[in-house]
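The values are calculated or read from the model by the stated rules, or taken from the named source; none is laboratory data. Everything numeric here is computed off the predicted structure, so don't read it as measured data. Methodologically, a virtual Cβ is constructed for each residue, glycine included, from the backbone with ideal geometry; neighbour enumeration extends over all protein chains shown. Side chains included, ligands, DNA and RNA excluded: accessible areas come from the protein's heavy atoms. Shrake-Rupley method; radii C 1.70, N 1.55, O 1.52, S 1.80 Å.
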Amino acid sequence: MNILHLCYDGNFINDSVSVFEKYYPQKNIFLVGKEKNKCRILNASSVFRYIPFLRENYSEIYHLCKHSNIDTIVLHGLHRTNVDLLAYLNAEKMYKVYWIFWGYELYIALAQEGRYELLDKKLHFYSAKSYIYPGKYNKFLRKILGKEIMCDVLRKAIPFIDYFCFWNYEDYLLFQREYNTNIQFKYFAYQAMNKEEQSENEIEHSSFEKEKKILINHQASLSANHISIMEKVASIDKLNEYSKIIPLSYGFSSIRNLVLKEGRKMFGEQFIPILSYMPKNEYIGLIGSVAVAIIGARRQEAAGNIIALLKNGVKVFLRDDNNLLAYYLKKGYIIFSLDKDLKTMDDLLPLSELEQKHNFQCYCSNRIYNDDFMPMIIEK
């Protein structure tokens, strides 16, 4: 068994290298569809190979698979380029294909097909934003301009995929309800822990001081509803007492530019955008210092950020139609509805010390370990 990973310059890829190598040593080739000097996030590990997923490179990648005796392909997310490459490589169904689900693929596809509403504000067909934000108009306009259309990418990928790999079974159920496929579910989580690496600070939580800061969303996401969330915060914090921290270091440049413009207008010096990619520990320290975090997406998104916030005692607000709200409530966390619970300045007060301790204990008792699923993820 040898595994070809088709991946991009993404946040979770670095960690997945060591995990797959631990459980399937010397069986992995991580192929990055980008030139090495254009990657911002991936480290310089020798395990990465850099070949852009362009048609002129298909033959080289095909021969790489043959020479390396590849029999398994792992897709880290779906894009037009890696799906086109997959269709070329697996035309004769020679490989077992594992799709490590990220979230955007399904929800953007459903929005483009008019089967899931991601946005708070309806867009007019002639609005320039209709090109940017996912929806029926977005699909039409992108098709005219020859751009990637996620609903087409997903439908093209489905016949070649054997396994949907994720930790949230509700997303798999949504996928099956909408597409009714033979694809099977496999449990997988990028940010699981190795039991032997559990440190002392996982046992006892002692830092509860929170600053007068609000975290809004986690990236320049198409579905984060930045503007409506900022407007709601501005209507509550009328005196602009809280700093507004808004991560924009990755995502879509069009969203970043819009949020920068409106954020400066609404909050002035209290608007603090994060524009450069930060080391993980530094970023976790920053978001752990805020009193309140608001995730404006109406779909499962930002789960890595959310669990870090809950673990570190931050008061978190999620949308009612984001299935993560029900997911974390079921796990026992103290977490709040953005639609129902965020109304006054009192709602911006941080969790009590007791509530913070409770959420940390929930985190400890619900901890996910690689040993629980990695030995079974790839069928040998």
Ranked highest first by the average count of other Cβ atoms within 10 Å around their residues, in what order do 178-187, 93-102 fall?
93-102, 178-187
re the chain: pairs of Cα atoms spaced beyond 31 Å account for a percent value of 39
Assigned charges on the beta-carbon of Lys, Arg, Asp, Glu; the chain dipole about Cα centre (debye)
1220
Label model pair Glu379, Glu211: point-to-point distance (7 angstrom along the Cα→beta-carbon line) in nm is 5.1
For the chain, which whole-number percentage of the solvent-accessible area (1.4 Å probe, protein heavy atoms only) is attributable to carbon and sulfur atoms?
51
FRET efficiency, Glu117 to Glu170 (Cβ-Cβ, R0 22 Å, nearest 0.05):
0.80
Nearest 0.05, what FRET efficiency do Glu35 and Asn180 give at R0 = 51 Å with Cβ-Cβ as r?
0.85
Would you calculate a helix-derived [θ] at 222 nm for the chain, using -39,500 (n - 2.57) for each DSSP H run of n ≥ 4 and dividing by the full residue count, to the nearest 500?
-10500 deg cm²/dmol
Evaluate the distance, in nm, between pseudo-label points positioned 7 Å from the Cα of Ser18 and of Glu56 along their respective Cα→Cβ axes.
3.8
How would the stretch 1-134 be classified by its alpha-carbon gyration tensor: rounded, prolate or oblate, with rounded meaning a/c under 1.5 and the a/b versus b/c comparison settling the rest?
prolate
Along the Cα-to-C-beta direction of Asn69, a point sits 7 Å from the Cα; which residues of the stretch 1-39 have their amide N less than 12 Å from that point?
1-3, 27
May I ask which of Lys38/Lys244; Lys210/Lys343; Lys136/Lys280; Lys210/Lys280; Lys147/Lys280; Lys122/Lys340 have a Cα-Cα span longer than 26 Å here?
Lys38/Lys244; Lys136/Lys280; Lys147/Lys280
According to the square roots a ≥ b ≥ c of the eigenvalues of the Cα gyration tensor, what is the shape class of the stretch 1-68, taking rounded for a/c under 1.5, prolate for a/b larger than b/c otherwise, and oblate for the remainder?
oblate
